[in-house]
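Q: Take this structure first; my questions come after.
The values are calculated or read from the model by the stated rules, or taken from the named source; none is laboratory data. Nothing here was measured: the structure is a model prediction, and the numbers come from that model. As a convention, Cβ positions derive from the backbone with ideal geometry for all residues, glycine included, and neighbour counts pool all protein chains shown. In case anyone asks, the SASA skips ligands and DNA or RNA and just uses the protein heavy atoms, side chains included. Shrake-Rupley method; radii C 1.70, N 1.55, O 1.52, S 1.80 Å.
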Amino acid sequence: MNQPILRFRPDGLFRILQLTDMHLADTAGRDAVLLSCVPELIRREKPDLIALTGDIACDGTAEHMIEQFTALYNVMAPFGIPITMTLGNHESDAYNDFVSGRQYPLAAALESLPLCLFERGPAELGTGNYALPVYPHDGGDKPAWMLYHLDCHASRPYRTGDSGTTTSDAYVWPAQVAWLKQTHTALQEAYGAVPSILFDHVPLPEFNEVWMFEGFSGDFGEKVCCPPVNSGLFAELYRLGDFRGVFAGHDHTNSFSGK
């Protein structure tokens, strides 16, 4: 299957529409309202890429989730715009499940969609760790930017006590950080410095630093639901030097940005 190739426009722009946490679940007409908003957003923003950052479908069986994604894809497909996806906690099964999770048939379905650039990536790291190049408009073969995607996995058991098991937001594994470093290093050796951005579902712990200390713009309506474990992802992105931003979802009433 010939997948779309991402390229900058002749005017030097590459516009991304991020959609996240739609929680499609056949909820009494709610899905129809959500899906009706998508074409208007696309017409208004005129994106070159639609980036889905998780929890697009909300629980249910793999077959049910595939139905939800198919409904969304059928709304987006007439525009002919490429799509990327990072899985959210609601789309993954039990933490560290490499065998029977519903994310696997869902991933296969995503890879079969002609406009979807999702890749499963290394099996031992989860589902959906991959990097995509955005090429210059003039047809050059050196990437102008790189778009990285990381799997946040399902929520993980945190502690077990008299009141039951408490779960927490999942963290990016150190092995994923190592994969990102290795992938970036290989690209840097091949092409030199390439500015990059990262998509995942769960905010990094450093998102707390943004709104508490550095100043932000936008809406802050709930706590940052980041994992209790910091696996050093932000530190590695900073050290690598080419990363310009991290874009996440997960928090439903937060929509802020900052440095």
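Q: Taking the Cα centre of region 181-257 as the origin, how large is its charge dipole in debye, to the nearest 20, when only Lys and Arg (+1) and Asp and Glu (-1) carry charge on their Cβ atoms? It would help to have the intermediate numbers written out before the result.
A: Working: 4 positive and 10 negative charges, 32 e Å.
Dipole size: approximately 160 debye.
Q: Keeping the other protein chains in place, figure out the carbon and sulfur percent of the accessible area of the chain, with a 1.4 Å probe.
A: Numbers: 6770 of 12450 Å².
Summing carbon and sulfur atoms, their accessible area is 54 percent of the total for the chain.
Q: Sorted by average packing, counted as other Cβ atoms within 10 angstrom per residue and highest first, what order do 227-240, 181-194 take?
A: Working: 227-240: 15.6, 181-194: 13.3.
Ranked by mean Cβ neighbours within 10 Å, highest first: 227-240, 181-194.
Q: Placing unit charges on C-beta atoms (Lys and Arg positive, Asp and Glu negative, everything else neutral), compute the dipole magnitude of region 1-110 about its Cα centre in debye, rounded to 20.
A: Values: 8 positive and 14 negative charges, 127 e Å.
Its charge dipole is roughly 620 debye.
Q: Here's a follow-up. Report the local net charge at GLU214: Lys and Arg +1, Asp and Glu -1, summed over other residues whose C-beta lies under 14 Å from its C-beta. Spell out each step's value before the answer.
A: Numbers: positive: LYS259; negative: GLU206, GLU209.
Net local charge, GLU214 excluded: -1.
Q: If you wrap a convex hull around the C-alpha atoms of region 1-114 and split its volume per residue, what is the figure in Å³? Before the final figure, lay out each step's value.
A: On the way: hull volume 12.5 nm³, N = 114.
That works out to 110 Å³ per residue.
Q: In Å and whole numbers, how far do the C-alpha atoms of the chain stretch along each principal axis, longest first?
A: Its Cα atoms span 62, 43, 39 Å along the three principal axes.
Q: Identify, among HIS201, ILE5, ALA108, the residue whose Cα sits farthest towards the positive end of the charge dipole of the chain, taking +1 on the Cβ of Lys and Arg and -1 on the Cβ of Asp and Glu, with the dipole about the Cα centre.
A: Farthest towards the positive end: ILE5.
Q: Please state the shape class of region 59-146: rounded when a/c is under 1.5, otherwise prolate if a/b exceeds b/c and oblate if not, all from the C-alpha gyration tensor. Walk me through the numbers on the way to the answer.
A: On the way: a/c = 3.15, a/b = 1.45, b/c = 2.16.
Judged from the Cα gyration tensor, region 59-146 comes out oblate (a/c at least 1.5, b/c at or above a/b).
Q: Let me ask another. Output wanted: per-residue J couplings in Hz (rounded whole) for region 31-44, from phi through Karplus 6.51 cos²θ - 1.76 cosθ + 1.60, θ = phi - 60°, x for Gly and Pro.
A: 4, 4, 5, 4, 5, 5, 6, 4, x, 5, 4, 5, 5, 6
Q: Hey, can you find the accessible area per residue of region 1-65 for me, probe 1.4 Å, expressed in square angstrom? Walk me through the intermediate numbers first.
A: Values: 3420 Å² over 65 residues.
With the other protein chains kept in place, region 1-65 gives 53 Å² per residue.
Q: Same structure, new question: Considering only DSSP beta bridges where both residues belong to region 42-148, give the percentage that are antiparallel (nearest 5). Could you put the intermediate results ahead of the total?
A: On the way: 4 of 8 bridges.
Antiparallel bridges make up about 50 percent of those DSSP assigns within region 42-148.
Q: Between LEU19 and residues 5 or more places away or on another chain, which pairs have amide H atoms under 5 Å apart, with H built 1.01 Å from N, and which residues are they?
A: ALA51, LEU52, THR53
Q: For the chain, what does the helix formula give at 222 nm: sum of -39500 (n - 2.57) over DSSP H segments with n ≥ 4, over the residue count, nearest 500 deg cm²/dmol?
A: Rounded to the nearest 500, it is -8500 deg cm²/dmol.
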